[in-house]
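S.K.: Would you mind keeping the following structure in view while I ask a few things?
The values are calculated or read from the model by the stated rules, or taken from the named source; none is laboratory data. What you see is a predicted model, and the numbers here were worked out from it, not measured in a lab. Note: ideal-geometry Cβ built from the backbone for every residue, glycine included; neighbour counts use all protein chains shown. Accessible surface areas use protein heavy atoms only, side chains included; no ligands, DNA or RNA. Shrake-Rupley method; radii C 1.70, N 1.55, O 1.52, S 1.80 Å.
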Amino acid sequence: MKHIGVIGCGTMGLGIAQVAASNNHSVFIYDSFPSAIDKARINLNKTLQTLFDKEKISKEKWDQIIANITWCIDLNEFKNCEFVIEAIVENYSIKKTVFENLSQIVSDTCIIASNTSSLSITSLASCVKNPKRFIGVHFFNPAPVMPLVEIIPGIQTEENSLTLSKQLIASWKKEIVVAKDTPGFIVNRIARPYYGEAIRIYEENLASKEYIDQTMKKLGGFKMGPFELMDFIGHDVNYAVTESVWTAFYFEPKYKPSLSQKRLVEAAYLGRKSGRGFYNYEDVSHESKDIELDLEKSTMIFERIICMLIHEAADALYLEIASKEDIETAMCKGVNYPKGLLHWADEIGIEKCVSILNYYYNLYHEERYRCSAILQMMAKSKITFFNHNVSVCL
């Protein structure tokens, strides 16, 4: 594939275009707003200037990337593209219109992809003329830096479209995982408890946000605590993903959003980008503040959050959302976890994970804490994820 189309000049679309252009593709990038294209040109040159200053690219490479990109305000310029990826606002109606128009322009052999993080690939595929050539290709932000790409076939997607998409993305030196078309795919589904359970502990006044953050960093080895990470991502984005996954799973209790985070969104306290979220970034004292941890209390917090994450990863395997290898890769490369959750489960002990989950289920009597069938069967059979044949439980 030589000619690549990218729809959307925002941060994600521009990042994907940079990746494709860096790999010597002819890239056509479209936006319906000329001002967005002007802004994207400026931002791309700033990014390349930074890479040049850090000696990451040569001036020749910089010039080559710029030369490989054609800026478009007319979608008809995509007529010769062999692969087109959409990276616009997460709005089904808007995407539907774009895909309907695009499928009338490109050839029947062109693969059309969406970078959506929350919408059904199967549903989006129904908007195009040739749904067999439609697929989900989900990059993580910033696309030139983050190594992971989730590839999601819809139920209409033909095997050849999946194979060609994997070959293309692999040629861009990305780590590929394949996920079933379910809400949140792999990463945005499995990661929900890192935020939700931390907020729950905070709302119950069991620990402060600072204490929880330091616990997960010191005991778990996470680079950022859950409250720091939510502030970094932005509460408008993080809350929207949680609400989307919760709604798409017919209001499954374990994905239930929190009122604490909703109130931050309503107050426009969106995190670092607005200067305030769970933390106030005009006062940076919390960033250097070291808290002495009580081992028993910190262990309780760590085990509660990690076991909820393990439960989610195990359930994703049980429901065949992805292979165990892809689940581990996704969480390490997509959200920078210090180790894979299924390996973590083996390390902690499956029986202990089940015991902790059952404790909270008996304490709260909430479906949120019901233990996955696969963990219960593995504990009973005394098998692990990586030292035994887990398929006997699937």
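S.K.: Using alpha carbon coordinates only, what is the Rg to Rh ratio of segment 223-364, with Rh defined as the Kirkwood radius? It would help to have the intermediate numbers written out before the result.
M.R.: Details: Rg = 16.8 Å, Rh = 17.1 Å.
Reported Rg/Rh (Cα atoms, Kirkwood Rh): 0.98.
S.K.: Let me ask something else about it. With +1 assigned to the C-beta of every Lys and Arg and -1 to the C-beta of every Asp and Glu, and no other charges, what is the dipole magnitude of segment 81-174 about the Cα centre in debye, to the nearest 20? Write out the running numbers ahead of the final one.
M.R.: On the way: 8 positive and 8 negative charges, 19 e Å.
Computed charge dipole of segment 81-174: roughly 100 debye.
S.K.: Mind giving me the nanometre distance, one decimal, between the label points for Ser355 and Asn387, set 7 Å out from Cα along Cα→Cβ?
M.R.: The two pseudo-label positions are separated by 1.6 nm.
S.K.: Taking only the alpha-carbon atoms of segment 3-178, what semi-axes of the equivalent ellipsoid follow from 5 times the gyration tensor eigenvalues under a square root, in whole Å, largest first?
M.R.: Working: eigenvalues 131, 62, 40 Å².
The equivalent ellipsoid of segment 3-178 has semi-axes of 26, 18, 14 Å.
S.K.: Still on this structure: Show me, for segment 321-329, the HN-Hα J-couplings you get by feeding each phi into the Karplus relation (A = 6.51, B = -1.76, C = 1.60, θ = phi - 60°), rounded to Hz, glycine and proline as x.
M.R.: In residue order, the calculated couplings are 5, 6, 6, 5, 5, 5, 4, 5, 4 Hz.
S.K.: Would you mind checking which residues have amide H under 5 Å from Val137's amide H? H placed 1.01 Å from N; only 5 or more apart, or other chain.
M.R.: Sorted by chain and number, the residues that satisfy this are Ser114, Asn115, Thr116, Ile152.
S.K.: Still on this structure, I have one more. Do any trypsin sites (Lys or Arg not before Pro) in segment 21-61 lie in a DSSP loop with no more than 12 other beta carbon atoms within 10 Å, and if so, which?
M.R.: On the way: sites: Lys39, Arg41, Lys46, Lys54, Lys56, Lys59, Lys61; in loops: Lys54, Lys56.
Qualifying residues, ordered by number: Lys54, Lys56.
S.K.: Okay, next question. Near the amide H of Gly271, under 5 Å away, which other amide H atoms are found, from residues 5 or more places off or on another chain, if H is placed in the peptide plane?
M.R.: Long-range HN contacts for Gly271: His235, Arg276, Gly277.
S.K.: Further question on the same structure: Using a 1.4 Å probe over the heavy atoms of the protein chains, calculate the carbon and sulfur portion of the accessible area of segment 278-342 as a whole percent. Mind dumping the intermediate values first?
M.R.: Details: 1310 of 2870 Å².
Percent of accessible area from carbon and sulfur atoms in segment 278-342: 46.
S.K.: Express the carbon and sulfur contribution to the solvent-accessible surface of segment 3-178 as a percent, rounded to the nearest whole number, probe 1.4 angstrom. Intermediate values should be presented prior to the final figure.
M.R.: Numbers: 4100 of 7800 Å².
C and S fraction of accessible area: 53 percent.
S.K.: Need the list of lysines near Lys289 for cross-linking: C-alpha distance under 25 angstrom, and skip anything on the same chain fewer than eight residues off.
M.R.: Straight-line reach from Lys289, under 25 Å: Lys209, Lys217, Lys218, Lys223, Lys273, Lys297.
S.K.: Once you compute Rg and the Kirkwood Rh from C-alpha atoms, what is the Rg to Rh ratio for the chain? Kindly include the intermediate steps, with their values, before the conclusion.
M.R.: Values: Rg = 22.1 Å, Rh = 22.4 Å.
Radius of gyration over Kirkwood radius for the chain works out to 0.99.
S.K.: Hey, what's the chain come to in accessible area per residue, 1.4 Å probe, Å²?
M.R.: Values: 17810 Å² over 394 residues.
Roughly 45 Å² per residue, with all protein chains present.
S.K.: What ³J(HN,Hα) values, in whole Hz, does the Karplus curve 6.51 cos²θ - 1.76 cosθ + 1.60 give for segment 30-42 when θ = phi - 60°, with x put for Gly and Pro?
M.R.: Listing the rounded values in order: 10, 8, 7, 10, x, 5, 5, 5, 4, 5, 5, 4, 4 Hz.
S.K.: Show me, for segment 187-204, the HN-Hα J-couplings you get by feeding each phi into the Karplus relation (A = 6.51, B = -1.76, C = 1.60, θ = phi - 60°), rounded to Hz, glycine and proline as x.
M.R.: 5, 5, 7, 5, 6, 3, x, 4, 8, x, 6, 5, 5, 4, 4, 5, 5, 7
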